[in-house]
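Working notes for the structure below.
The values are calculated or read from the model by the stated rules, or taken from the named source; none is laboratory data. Model, not experiment: these values are computed from the prediction. Glycine also receives a Cβ, built like all others from the backbone with ideal geometry; neighbour counts cover every protein chain displayed. With ligands, DNA and RNA removed, areas are computed over all heavy atoms of the protein, side chains included. Shrake-Rupley method; radii C 1.70, N 1.55, O 1.52, S 1.80 Å.
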Amino acid sequence: MLRNTNVHISFPAVCFVWQTAMIILFGIFIRYNEESDPHWVEHKKANNLSDLDNDFYFRYPSFQDVHVMIFIGFGFLMTFLKRYSFGAVGFNFLIAAFGIQWALLMQGWFHSLDAEGKIRIGVENLINADFCVASCLIAYGAVLGKVSNVQLLVLTLFGVTLFAVDEYIIVSVIHARDAGGSMSIHTFGAYYGLCISWMLYRPNLNQSSRLQGSVYHSDVFAMIGTLFLWMFWPSFNSAISDHGDGQHRAVINTYLALASTVLTCMAISSLFNKHGKLDMVHIQNSTLAGGVAVGTAAEFMLMPYGALIVGFCCGIISTLGYIYLTPFMEKHLKIQDTCGIHNLHAMPGLIGGIVGAITAASASKSVYGEEGLINTFDFEGKFKDVVPTQQGGYQAAGLCVALCFGVGGGILVGCILRLPIWGDPADDNCFNDEAYWEVRDEEAASPVLHYNNHMQNKDV
Amino acid sequence: MLRNTNVHISFPAVCFVWQTAMIILFGIFIRYNEESDPHWVEHKKANNLSDLDNDFYFRYPSFQDVHVMIFIGFGFLMTFLKRYSFGAVGFNFLIAAFGIQWALLMQGWFHSLDAEGKIRIGVENLINADFCVASCLIAYGAVLGKVSNVQLLVLTLFGVTLFAVDEYIIVSVIHARDAGGSMSIHTFGAYYGLCISWMLYRPNLNQSSRLQGSVYHSDVFAMIGTLFLWMFWPSFNSAISDHGDGQHRAVINTYLALASTVLTCMAISSLFNKHGKLDMVHIQNSTLAGGVAVGTAAEFMLMPYGALIVGFCCGIISTLGYIYLTPFMEKHLKIQDTCGIHNLHAMPGLIGGIVGAITAASASKSVYGEEGLINTFDFEGKFKDVVPTQQGGYQAAGLCVALCFGVGGGILVGCILRLPIWGDPADDNCFNDEAYWEVRDEEAASPVLHYNNHMQNKDV
Amino acid sequence: MLRNTNVHISFPAVCFVWQTAMIILFGIFIRYNEESDPHWVEHKKANNLSDLDNDFYFRYPSFQDVHVMIFIGFGFLMTFLKRYSFGAVGFNFLIAAFGIQWALLMQGWFHSLDAEGKIRIGVENLINADFCVASCLIAYGAVLGKVSNVQLLVLTLFGVTLFAVDEYIIVSVIHARDAGGSMSIHTFGAYYGLCISWMLYRPNLNQSSRLQGSVYHSDVFAMIGTLFLWMFWPSFNSAISDHGDGQHRAVINTYLALASTVLTCMAISSLFNKHGKLDMVHIQNSTLAGGVAVGTAAEFMLMPYGALIVGFCCGIISTLGYIYLTPFMEKHLKIQDTCGIHNLHAMPGLIGGIVGAITAASASKSVYGEEGLINTFDFEGKFKDVVPTQQGGYQAAGLCVALCFGVGGGILVGCILRLPIWGDPADDNCFNDEAYWEVRDEEAASPVLHYNNHMQNKDV
């Protein structure tokens, strides 16, 4: 009962149509901004600036780190399955490459449209586009191995669209601060993915159980992803913070939260194993939870010990999630979450939103200084009379919006993806690169599968 | 009929002689430039500069990204063969480490020689040296697995020398702009490698066909190379652009061209496979073609949609090249191109040169601004009267020079490398690390080869 | 005779106790420094500074490179063993994540304590914390595969403590300069690890010899570590150098020394192999020796050819160390050095200290300029009357201190680690991830071991 996974026509068609649409829309809307336009040399002289005042020099190193997280970090983190490494790293590549283009347009329409109706882009837009696709890559983690590449393009198109609206409401309408995206990226992305996975529930997925695990080297590959995410997370949380002390503080908080998470993650992993052994699944994922959870508050005065506490708690909660919650959700809630994004992104994202609300609500002039408070929370223009307790409320409202968009959007897109036209694999063919990739060494190079198949045949 | 691959004496001898020569020549010629010399503190005060005006802070992040591309990017991209990963990453390391030293000298003699006959080096020279060896690493891609390490050192010595002359003519004599090196790096390097491969044609290479393919994990290793090249390509194309808007714009153009390439590459890969499956060879290579092709024009006003169009076309052409052209060239032109550099570097490099010429020829004061035009195209000194259409001609002339140097140099060096003194492997021993590396797990760890050998023996 | 490697209670207990202690101590002591505090906006205006004067923009790119070296570089370098990759990369992660927290405290108490008894941290402290754990990771290389995770935490706690005292004496008391840490990081760390390994000598370690080697892909994984260390070493040696020419020069010297090392390392590796073949062990390790050895002198006027000479010598010495010294030390000195840190860190570290002393002693106003000399050697305050020859003596004294701390500390900590309470593996269970990790594919995925075990059983 093999379903037809032949996307011979549909996949190229979608790619060409969408890429052509991108070219046309970019032609109409996208232009260089002041700092990437050749007229900048005049602007520089007129305003007595130095080349270094170009935002490029403030943001570019962080941008490249974020770029590595998106393509290597997320891509390799998902290579842990024994026979889905091509799909992990390859479809991650596809989603991100398509998503960043669409994100530049969607975010541009909401945030960077000028009087002439043009979107002016610079390095900060590139970072934001990378952030936007991060939410789609998180969602991919929930459905890894169970969907076709065409479905992933649809997931991305809607995901980016929803993200842009969601982010606009959170940041511009509600005026919540969310530098590292605990709410807009992680909470939204995770619930978006989980709800899609719920809508695509496969009762007979255990027919692919022979493939739903790791081999020794696939676990080492996944650690490449883990470590690049872990190392560059300080750049992620600081990439679009305020110049100066804002970026500096966001880096320190993230660095500390992540360090703390590693210890409690490993402690719980060992404690709940009967021989005290560590589990690579936990190390690969839960060590990152602290970075998610300080996302919103990273640029606030969370204090170094506060960052450690957040990391401490998230390491515990996330690892326990892998041990108890993931099996529970699969069995009782019909949510099959391949990578455990509920433990790595959803719960820490919610914690991050709450930590952000509390930290904002308890801000004071004595701690931030008068100008520092205005600067950090952007209490300017029509928000100049906001007080920290109000801001705490705005943060909480932002979290609710992210949650609603994630759940609502996920259900909607999940329904669309249930249509029987997308070429998704059969239940006994999930987690298998051979469905969508030319794999040349089917038998020889894969003694595991060969062995397993052999054993299976024997059993029958 | 095993040829003697024993380079026991020749390889160490060449290494020691050349490294000793480097020390002597560096002693005579190379000195720190003003910004890396301790007297800079005086210069800084005299000119009322800040530490940040040191070029180090403009270039260092880009330099490190380029460095990663050279050593990890090119190195891992070539690990795709099932039993040539040591050679791929190890000889890449050797070529680059030797080449950058020789490049500092060669490029220094042409570009940085001061009145006292000393070459003054700083971070920009390090970037240029990395660029220079990139051309030799591209050439290595064509002969991967078929030459000895001694031959590679010879290839590098001549390659760097030719590159430096070629670059001097293109940039300084002809006054073509080539920030990302579509012409001087990619076109030159690719034709240099292809012509060497042509001169070293092996009619019986199919005797090594059991080794001329990938295994599952070697394809994943290669993706590390692909992704680091892809992610850091914006740094490559902007590393030596003008400070300020030049670097900024080069990043945006490269980012967009690469994103577009991914989609058309995957579309073509799927479309030309009878089951619609993707081929890792295409994903590993053709996704990068857009970065090559915007190299020259990256700092020009290519416009965001223009970058997308360039990427769109290159993704198609490069992937079709792998499908049709590589087999054709091997069969009819006697050019065996292991990594398919013709598709990844030669064709996109030519396209890049042409795109650069057109973009330059169509430049105008209305688009760039008066100062912007001078700034971008360096219309200063003896070139102050050049107009854009002329500049377009210079660009085209530059492309021709690169092509001639590549072809001529490749034929010349190919002849030298045909001498029977270099310890290259026999036709049935190509693509095999065991020729030049201690491989400890010959049988046990390599079920594939074992299996294949077993099957072969059976067949006989 | 399997020892009890069950750390079910002890490991989580240690993690929780120490992480809790960190939170309490951070709560009492650690605060943001001026540049990461929201009051910085006021300070900036008062002093007429720009955002770019925040040290963040001088140091952050280097910090991220160092961070990659610590987590990816050291972690993957040690994955070369066929069945200890989880332990290599996972315990490296554990050591580093714990160590950086303890280092921020220890180094803070010695260097950054303000009048109120608070430690003020910024990006430079994060770099120094990373440097500090580097010494513990070097030490881990000597005992890789032979100790439990609890022992590693103890090793780290003491290692960081000793490092902080050692560094304080070298840098602040003696006033030796050690930008890249040849003395304080490499010499100290290596002798610390070697002496621990000596105290933990296992006469029957050959019972694990089936596991004490690499397989093909584990060697490729290790090259990821090697290359990231190699590429980012210029950032390591320049990360805390003086702004401006100091960082610039440190990068150039390190870049050149490393390039030179690669050639002589490969030459010796080939020369001492009877078939002229290269050995991956040498390439993975000895190519890095030049970076270690220019650590101290990187910011001095070593001159480009001087850097090449240092690299030239270290490539030879380090590779010969692997060929002759490591077996000798194991057999006659009872020091089992899994990764050969004596060749990669101890000897090059000593060379680095000596090179630093000579370069400092021969400094002159004619070469550095008057201000340059003061600037480079920090001849200010109570050290304003120091002359270069004296400074040379200080450097030599610093080297002796590092050596004493390494040897003394290693013997002390080695004694503690000999207590039979730490859950270390039995002699026939070393280099085996199954002792501390859930490994799922014990038989199937590991044909090597399976094959070996099979053969062993047969033999018996």
* When only alpha-carbon atoms count, how far does the range A:304-410 stretch along each of its three principal axes, as whole angstroms with the largest first? -> 52, 33, 17
* To do: Would you calculate, for chain B, the mean residue ellipticity at 222 nm contributed by helices, counting each DSSP H stretch of 4 or more residues as -39,500 (n - 2.57) and dividing by all residues, to the nearest 500?
  => -20000 deg cm²/dmol
* **Loss of accessible area when A meets B, both sides summed, Å² nearest 100, probe 1.4 Å** => 6800
* For the rotation that brings chain A onto chain B, whose beta-carbon in chain A is nearest the axis, and what is that distance in whole angstrom? -> A:PRO61, 3
* In nm, one decimal, shortest first: how far is the label point of A:VAL407 (7 Å from Cα along Cα to beta carbon) from the matching points in the other copies? -> 6.8, 6.8
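Considering every pair of different Cα atoms, what Kirkwood radius, in Å, is found for the range C:1-130?
After inverting the pairwise mean of 1/r, the radius is 17.3 Å.
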* Asked: When all alpha-carbon pairs of the range B:91-132 are counted, what percent fall beyond 12 Å?
  -> 56
* What share of Cα pairs, in percent, lie more than 14 angstrom apart in the range C:151-198? -> 53
* Structure fact -> Which residues qualify? For A:ILE30, with a placed amide H closer than 5 Å and at least 5 residues away or on another chain, they are A:ILE119
* **Candidate residues A:THR20, B:THR326: accessible-area rank, largest first, probe 1.4 Å** => A:THR20, B:THR326
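Could you look at the protein assembly as shown and say what percent of its accessible area is carbon and sulfur, using a 1.4 Å probe and all protein chains?
About 61 percent, which is the carbon plus sulfur part of the accessible surface.
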* Please list the non-local residues whose amide H lies under 5 Å from the amide H of B:LEU278, H modeled 1.01 Å from N, same-chain partners needing a gap of 5 or more. => A:TRP437, A:GLU438
* Structure fact -> Within the protein assembly as shown, the percent of DSSP beta bridges that are antiparallel, given to the nearest 5, stands at 20
* To do: Could you estimate the translational diffusion coefficient of the range B:366-433 from the Stokes-Einstein equation, with Rh from the Kirkwood formula over C-alpha pairs, at 25 °C and 0.890 mPa s, in whole µm²/s?
  => 151
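Check each of the GluC sites (Glu not before Pro) in the range A:324-389 and keep only those in coil by DSSP with at most 13 other C-beta atoms within 10 angstrom; list them in order.
Answer by residue number: A:GLU380.
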* Asked: Nm distances between the label at B:SER362 and the same-position labels in the remaining copies, 7 Å along Cα→Cβ, shortest first?
  -> 5.9, 5.9
* Over all alpha-carbon pairs of the protein assembly as shown, lay out the pair-distance distribution in 10 Å bins, whole %, shortest bin first. => 2, 9, 18, 24, 23, 16, 6, 1, 0
* Determine, at each q value in 0.16 (inverse angstroms), the log₁₀ of I(q)/I(0) that the Debye formula gives when each Cα of the range A:183-340 is one equal point scatterer. => -0.97
* **Order of exposure, largest accessible area first, which applies to B:PHE110, C:PHE405, A:PHE221 with probe 1.4 Å** => B:PHE110, C:PHE405, A:PHE221
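Taking all protein chains together and a probe of 1.4 Å, list C:HIS332, B:HIS111 from the most accessible to the least accessible.
Heavy-atom accessible area, descending, gives C:HIS332, B:HIS111.
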* Structure fact -> Taking alpha-carbon centroids only, the range B:333-370 lies from the range A:61-121 a number of Å equal to 26
* Structure fact -> For C:LYS382 and A:LYS384, extending 7 Å from Cα along the Cα-Cβ vector and measuring point to point gives, in nm, a value of 5.2
* Structure fact -> Ordered by number, the residues of the range C:12-32 that have at least 50 Å² less accessible area in the complete protein assembly than on their own chain alone (1.4 Å probe) are C:PHE16, C:GLN19, C:ILE23, C:PHE26, C:TYR32
* Asked: With every protein chain present, what accessible area does B:TRP102 have (1.4 Å probe, heavy atoms only), rounded to the nearest 10 Å²?
  -> 40
* To do: Could you please report the charge total around B:ASN47, scoring K, R as +1 and D, E as -1 over all other residues with beta-carbon less than 11 angstrom from its beta-carbon?
  => -1
* Report, as a whole number in µm² per second, the diffusion coefficient that Stokes-Einstein gives for chain C at 37 °C and 0.692 mPa s using the Kirkwood radius over alpha carbon pairs. => 144
* Structure fact -> Pairs over 22 Å Cα to Cα, from C:LYS277/C:LYS331; A:LYS82/C:LYS82; A:LYS277/C:LYS146; A:LYS82/B:LYS277, come to C:LYS277/C:LYS331
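Keeping every protein chain present and rolling a 1.4 Å probe, give me the accessible area per residue for the range A:55-150 in Å².
14
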* To do: State the three equivalent ellipsoid semi-axes of the range C:96-211, derived from the C-alpha gyration tensor as the square roots of 5 times its eigenvalues, in descending order and whole Å.
  => 30, 15, 11
* **Nearest-10 value in Å² for the accessible area of B:VAL165, using the 1.4 Å probe** => 40
* Just flag the trypsin sites (Lys or Arg not before Pro) in the range B:309-369 sitting in loop per DSSP whose Cβ has no more than 15 other Cβ atoms within 10 Å. => B:LYS334
* Asked: How much of C:ARG177 can a 1.4 Å solvent probe reach, expressed as accessible area in Å² and rounded to 10?
  -> 40
